[in-house]
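Heads up: the structure comes next, in structure tokens.
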Amino acid sequence: MILSSSVDWADVEPGSVLMGSDNRSVLFGGVGPKHEVVIKYPFRISIRPVSLEEADRMIESSEVEIASESEWELAHSRGLLFAEEGSTEALADTAQDYWGKACDGRPHRGRGQTPDVLRVWLKGNPSRRLQFPGQGSSSSKVRLVIRDLSGWAEEPPRVPSSRNSLRILKEEVVICLLFGVIPSFVWAFFNASEGYIREAWLNLVFGGVFIGTLSQLFWRPRQPTWFVGSGMMSTNRVK
């Protein structure tokens, strides 16, 4: 195996890491769902991102590959990764969220036209960024990995393919009632003129629904966190 002498590598032992966000609010939430990834193989990862030109040469002549986001997160959680201020690096994953993701360390790739997953380093802190085709030039650097792995399992533990739409619908109905519709009628009962509720009840309902929906900007109940256990995913940690 031919490796470039200009690339420094860090050894990463097997382990687990939590990824994603359980916050569904528009302003403060993140990419979900929050989930555990268990990587059972050791690997080496480039301490700093590598230029595309050098990465292409190494990938062609060795067992080097572009790191997955899960491998990146595990290595970063152990303080092994560094990059220049303002630099952008590409990972092997191409997916907008984590639904349907295999949680064994492999890259997560969505169906259809999906964005590339990038990491942007600002003030020493890397943040996740998505780049769809046609949005501009892609990253000029990538993070490389060398895996001590014979192959991926055919049936890995996976996050469910989609969120529980029925549960979310019930939550939205309750939120609109408690934070929008009911307060609107209470306000009208104590402050509006006599007969206003009877004549304008539909406006009160729609106004309450609007307020309840608008609250999504700032708050929503946190969604479940998915853990790996007994070869499957569960919202309860299985030891």
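Could you list, in sequence order, the residues of the stretch 73-101 that are closer than 20 Å to Thr225 by Cβ and part of a helix (DSSP H, G or I)?
Residues satisfying the conditions are Glu73, Leu74, His76, Ser77.
Out of all the residues in the stretch 1-21, is one or more more than 23 Å from Ser161 (Cα to Cα), of a type in the set (Gly, Ala, Ser) and not in a loop (DSSP other than H, G, I, E, B)?
Yes; the residues of the stretch 1-21 include at least one that is more than 23 Å from Ser161 (Cα to Cα), of a type in the set (Gly, Ala, Ser) and not in a loop (DSSP other than H, G, I, E, B).
Check Glu54, Glu69, Glu60, Glu73 and return the single one that is charged (D, E, K, R), more than 28 Å from Val159 (Cβ to Cβ) and touching a residue at least 40 places away in the same chain (Cβ under 8 Å).
Residue meeting the stated conditions: Glu54.
If I filter the stretch 26-46 down to residues being in contact with a helix residue (DSSP H, G or I) (Cβ under 8 Å, 6 or more places away or on another chain) and at pLDDT 95 or above, which single residue comes out as surrounded by the most Cβ atoms within 10 Å (Cβ to Cβ)?
So the residue we want is Val37.
Does the stretch 152-163 contain at least one residue that is charged (D, E, K, R), without any contact (Cβ under 8 Å) to a residue 40 or more places away in the chain and over 29 Å from Glu13 (Cα atoms)?
no
Any residue at all in the stretch 53-67 that's surrounded by 15 or more Cβ atoms within 10 Å (Cβ to Cβ), outside any helix (DSSP H, G or I), touching a Gly at 6+ places or on another chain (Cβ under 8 Å) and β-branched (Val, Ile, Thr)?
Checking the stretch 53-67: not a single residue is surrounded by 15 or more Cβ atoms within 10 Å (Cβ to Cβ), outside any helix (DSSP H, G or I), touching a Gly at 6+ places or on another chain (Cβ under 8 Å) and β-branched (Val, Ile, Thr).
Kindly indicate whether any position in the stretch 106-121 is surrounded by 14 or more Cβ atoms within 10 Å (Cβ to Cβ), in contact with a strand residue (DSSP E or B) (Cβ under 6 Å, 6 or more places away or on another chain), within 20 Å of Asp11 (Cβ to Cβ) and among the acidic types (Asp, Glu).
no
The values are calculated or read from the model by the stated rules, or taken from the named source; none is laboratory data. The model shown is predicted, which means the values in this text are computed figures rather than measured ones. Positions of Cβ are generated from backbone atoms using ideal geometry, with glycine treated the same way; all protein chains shown enter the neighbour counts.
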